[in-house]
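J.: Below you will find the structure I want to go over with you.
Read-outs: derived from the displayed coordinates by stated rules, not from any lab. In this text the structure is predicted, and so the values were computed from the model without any measurement. Counting neighbours? That spans all protein chains shown, and the Cβs are built from the backbone with ideal geometry, glycine included.
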Amino acid sequence: MKGRLLGDRYEIVEKIGGGGMALVYKAKCKLLNRYVAIKVLRTEFINNEEFINKFRRESQAAASLSHPNIVNIYDVGVEGDIYYIVMEYVKGKTLKELIREKGRLSYEETIDIAIQIARALSHAHKNHIVHRDIKPHNILVSDDGRIKVTDFGIAKAATTSTVTNTSNVIGSVHYFSPEQARGGYTNEKSDIYSLGIVMYEMVTGRVPFEGDSPISVAIKHIQEDIVTPRQFVKTIPESLEKIILKCVEKDQSLRYDSAEELLKDLEKAKELKDGSYVEINNYDDSPTRVIPAIKDDMLMNKKSNNKNKKDKKNKSNKVITISAILLALVLTSALAVGFLYIKDYLFVKEVEVPLIVGLHEDVAKQKIESLGLRFVVKKRVYSKDYKEGYIISQDIDPEDKVKVGYPIEVVVSKGEKLVKVPDLLNKYSSDIEVALSRVGLEQGKIVHQFSDIYPEGIIISQEPEPLSMVPEGTKVNFVISQGPKINYVIMPNLIGLNLENAKKEIISNGFVLGEVKYEPNNDVPKNLVTWQSYPAGAEVEENTTIDLIVSSGPSTENADGQNDSNLTENNNNKKKEEQAAQSEQDSVQEQEKVLQLIIPLPQDREKVEVKIYKIQGQSKEIIYNKVHETKEERISVTISGKGEVKYEIYYDGEFYEQKDINF
């Protein structure tokens, strides 16, 4: 089937499942460009004309259903000997798979899933469609947790001739109602029984009846009592157990009258666990009585008495007959007259329930009571969508008809839930996530800012203000310290300055005077700077300590009487060495290599300022500073140097990466 096109529209992608009567495929709708699920009838059914006709009718009826908890049927078609139904594709798993994964579901999960299934059944039953094959395999759980009931109408099309055709169909016997097992009349209450079995399996992790064969299981549904769920799981609330046991009553008349009635008890079970509100019906035909033993003398006395009574009876029969006729006439006349007076009390008027969702409680109450109905507030809950005092939901759908005096239960909004914003000022930014999640708030925008007061990573400010009351889910914005801002200053030339002026230059440029050493120097006058720890023109971090070497004048050897010729010779030799060193340095500079540095540009913004620092030894200088449009994707920067050189790259003032180049 893979790759086949059905109806010139649905292209089969892959097989995703199958059952006793059909195979299920994932397909792509070429017209609407969406994925759908296609159920294709198995070949063994295509020659059963009765089944085909029922299959068509029921599939079309199921297509008329539209409910958030029912898988939508989009199309029904036939192509050659292929009968197919096109349905909504639900990404997720079956309820059966979920039970197998977890072993059993919690009380809360069971109630939530059962409510959604009951809503689907209620909608179907109102449209006169009975599922007849409710089981975990036919209940889908989407990835977002929504329950979807599938296979509506398919089970109803199956006649008794199809029940034993495949093991898959017989597998449903674990969820059959007793009347289905007997082949008797089935109705909406059969679905309620099956839902009760599904709830039993969800909350206990097992089905109530097992057997060596499907027939033995079916017999147990008819004859045997169910072991109560709490015998397996003692923590199951009494309310849920009572609901399940009422659903699986073998006598249809003792079950819930409708899925709507079941739904009301399930809703109550979310809040009340004692189960006192679940009405268990139990009808006895007649009580057992104790009577005395019958003896022979009692029988003889009875015969003689009967003979005497027979003569009297014949005489009185005529009188009784005439009296009865007269009495009947009197009673009939009295009833006729009485009916005229009390008919208004016997027949209660029905009214249509209005839509009150979205109205204020006072307005809704007035509207309901004006129709003669009772207005009942079931509960009040927090809501983001409705202001305080407005109706969120009503238990009876608008346009449904109920009798005058019927209670309309509503849920009223308490408005948005307000929570207190935690005080995170002067705390570390690592505390944000835990503190916000604890009260139901979310992290908003984070801004980093330089600060001379707050250490790096400390929260400087937050908005909304600490301890203020805000709606749950509000985003809180923070400003976080980056620590003191690092400034770089161009190093001035201090060589040749006297110590006092050198000190002024150092301090005025934001540096700190470090160690000052005096060394003899025959070429530089006393008290003049001969060396500085950072070369002139280099970019040096503010507040860096600058060390100096200052001339202490000519060496003491010259002062001890060294002859002028030796001094002159020494000076000449030193000058030659300096000239040679300078010449060598010039030669090295001429040998510097030139390379191209390829830098990718960030794609999360339209423009970016690119700044490149060259770091060699104690020197750091800017060699590139330019704004680029990021659509260039990458730039090429010419660099030159000798030996090992480091290059730091910054985007909009933020460090990006460091490249180590060995020229």
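J.: Check which residues have an amide H placed less than 5 Å from residue 483's amide H, if you skip close sequence neighbours.
T.: Amide H to amide H, under 5 Å and 5 or more residues apart or across chains, residue 483 pairs with 451, 456, 457.
J.: Based only on other Cβ atoms within 10 Å, what is the fewest-to-most ordering of 4, 56?
T.: On the way: 4 13, 56 16.
Ascending Cβ contact count within 10 Å gives the list 4, 56.
J.: Between segment 606-640 and segment 65-93, what is the C-alpha centre distance in whole Å?
T.: 60 Å
J.: Here's something else I'd like to know. Rg(Cα) of segment 9-81 divided by 2.2 N^0.38 Å? Walk me through the intermediate numbers first.
T.: Details: Rg = 12.9 Å, N = 73, 2.2 N^0.38 = 11.2 Å.
In units of the 2.2 N^0.38 Å rule of thumb, it is 1.15.
J.: I've got another one for you. What is the set of long-range amide H partners of residue 423 at a cut-off below 5 Å, with H atoms built 1.01 Å from backbone N?
T.: Placed amide hydrogens put 467 under 5 Å from residue 423.
J.: Just to verify a number: FRET efficiency for residue 187 and residue 146, C-beta to C-beta distance, R0 = 35 Å, to 0.05? Write out the running numbers ahead of the final one.
T.: Values: r = 28 Å, r/R0 = 0.79.
FRET efficiency, residue 187 to residue 146: 0.80.
J.: Which GluC sites (Glu not before Pro) does segment 363-439 hold that lie in a coil by DSSP with at most 16 other beta carbons within 10 Å?
T.: On the way: sites: 369, 388, 399, 409, 416, 433; in loops: 388, 399, 416.
Qualifying residues, ordered by number: 388, 399.
J.: On full extension of the chain, what length is gained from residue 634 through residue 615, given 0.36 nm per residue of separation minus the C-alpha to C-alpha distance? Each step should come with its number before you reach the end.
T.: On the way: separation 19, 0.36 × 19 = 6.84 nm, distance 2.25 nm.
Value of the extension gain: 4.6 nm.
J.: Oh, and also: Give me the net charge for the shell around residue 646: Cβ to Cβ below 12 angstrom, other residues only, Lys and Arg +1, Asp and Glu -1.
T.: Numbers: positive: 614, 620, 659; negative: 621, 644, 648, 657, 660.
Taking every other residue near residue 646 into account, the sum is -2.
J.: Treating only the Cβ atoms of Lys and Arg (+1) and Asp and Glu (-1) as charged, compute the dipole magnitude of segment 436-547 about its Cα centre; round to the nearest 20 debye.
T.: Details: 8 positive and 15 negative charges, 19 e Å.
Dipole of segment 436-547, to the nearest 20 debye: 100 debye.
J.: Non-local amide H neighbours of residue 597 (under 5 Å, H modeled in plane, Pro and chain starts lacking H): which ones?
T.: Residues meeting the criterion, in which the H sits 1.01 Å from N, are 637, 638, 639.
J.: Also, quick follow-up: Quick one: what are the phi-derived ³J(HN,Hα) couplings along segment 434-440, Karplus 6.51/-1.76/1.60 with θ = phi - 60°, whole Hz, x for glycine and proline?
T.: Taking θ as phi minus 60°, the curve returns 5, 5, 6, 5, 5, 10, x Hz for segment 434-440.
J.: Also, I was wondering about something else. Among 367, 504, which comes first, then next, by fewest other beta-carbon atoms within 10 Å? Before the final figure, lay out each step's value.
T.: Numbers: 367 16, 504 12.
Ranking 367, 504 by Cβ neighbours within 10 Å, fewest first, gives 504, 367.
J.: Based only on other Cβ atoms within 10 Å, what is the fewest-to-most ordering of 377, 351?
T.: Working: 377 13, 351 17.
So the ranking, lowest neighbour count to highest, is 377, 351.
J.: While we're on this one: Share of antiparallel DSSP beta bridges in segment 418-481, in percent to the nearest 5?
T.: Numbers: 8 of 14 bridges.
If I count the DSSP bridges inside segment 418-481, around 55 percent turn out antiparallel.
J.: Residue by residue, what Karplus-based ³J(HN,Hα) values in Hz, rounded to whole numbers, does segment 476-487 have, using 6.51, -1.76 and 1.60 with θ = phi - 60° and x for Gly and Pro?
T.: Once rounded to whole Hz, the list reads 10, 9, 9, 10, 10, 6, 9, x, x, 6, 8, 10.
J.: I've got another one for you. Based on a Kirkwood Rh over C-alpha pairs, give the Stokes-Einstein translational diffusion coefficient of segment 418-481 at 25 °C and viscosity 0.890 mPa s in µm²/s.
T.: Values: Rh = 11.6 Å.
After rounding, the answer is 211 µm²/s.
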